[in-house]
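Shown next, in structure tokens, is the structure this report addresses.
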Amino acid sequence: MELYFQWFDLLGIAVFAISGTLAAWRKQMDGFGVIVLASVTAIGGGTLRDLILDVPVIWLKNDSFFYAIFTATALTILLVRKRLTIPNNTLQIADALGLAFFVVMGTQKALDHGTSTMVAIMLGTMSGVCGGMIRDVLCREIPLVFRGELYAVTCIFGGLVYTGLLSLGVDKMPAMFAGMLALLLLRLAAIRWHLTIPVFSRSGKIDP
């Protein structure tokens, strides 16, 4: 089981690194900027989660996370250089995949350290969104989680599906896949059909 968890972590790291690399490409950053943006996107949320849980930060004694970041970054750069354009929603899809992996894994790690279900879902959501928030801030953009799209809501939904299935006695692995799939499908639906939550307009009113 631990081996599966490690692979999920590495997949989440790689997908978020791709997301950060694509954002750096869009902003025309240099090589150092690409590595920084890929890294903070990949490990920023997990780092903050571990600091709050007061446990060793996951990447301090595990070089494989950085190998995953560098490999994903290099492959993304090679693919980008072979294409003149990248579809606008590619970054969002890569981000959605990263969310699916990190939110459920972060929720489980919080549960492993004795938090309540509600706190676990909050920390799982933080694992998924905080790296992307740092990425967007460094790119001088309003973080995606604050733009009205269904983003953090999808993380909470995925965490609820996962913990709900656990409470019903479902084994961890099927519950994980179900939570990840539920989150991913809802996030992709939000991207495809522009599903949003109400936001404040400049007039002070709330727009639907």
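Values in this text are rule-based calculations from the coordinates and carry no lab data. Keep in mind the model is a prediction, meaning the values are calculated, not measured. Because the Cβ atoms are built from the backbone with ideal geometry, glycine has one as well, and the counts that use them run over all protein chains shown.
Tabulated results
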{"read-out": "Cα extents of region 1-59 along the three principal axes, largest first (Å)", "value": "39, 24, 13"}
{"read-out": "Among Gly106, Gly45, Leu144 - extreme Cα towards positive end, dipole of region 22-162, charges at beta-carbon", "value": "Leu144"}
{"read-out": "Cα radius of gyration and Dmax for region 91-130 (Å)", "value": "10.3, 34"}
{"read-out": "Mean ellipticity per residue at 222 nm, deg cm²/dmol - from DSSP H runs of n ≥ 4 across the chain, formula -39500 (n - 2.57)", "value": "-25000 deg cm²/dmol"}
{"read-out": "Semi-axis lengths (Å, descending) of the ellipsoid that matches the C-alpha gyration tensor of the chain", "value": "26, 23, 16"}
{"read-out": "log₁₀ of I(q)/I(0) at q = 0.13 Å⁻¹ - region 105-208, Debye sum with one point per alpha carbon", "value": "-0.53"}
{"read-out": "Length gained when the stretch Ile156-Ile142 is fully extended (0.36 nm per residue, less Cα-Cα span)", "value": "3.0 nm"}
{"read-out": "DSSP loop trypsin sites (Lys or Arg not before Pro) with at most 10 other Cβ within 10 Å: longest gap in the chain", "value": "141-201"}
{"read-out": "Radius, Kirkwood style, for region 1-122 when every pair of distinct Cα atoms is counted (Å)", "value": "14.9"}
{"read-out": "Relative contact order computed over region 63-208 (Cα-Cα under 8 Å; 6+ residues apart), in percent", "value": "22"}
{"read-out": "Length released on extending from Tyr4 to Lys61, taking residue separation times 0.36 nm less the Cα-Cα span", "value": "18.7 nm"}
{"read-out": "Size of charge dipole - the chain - debye, nearest 20, with Cβ of Lys, Arg +1 and Asp, Glu -1, no other charges", "value": "720"}
{"read-out": "Rough spin-label spacing in nm, given labels placed 7 Å along Cα→Cβ, for His194 and Met173", "value": "4.2"}
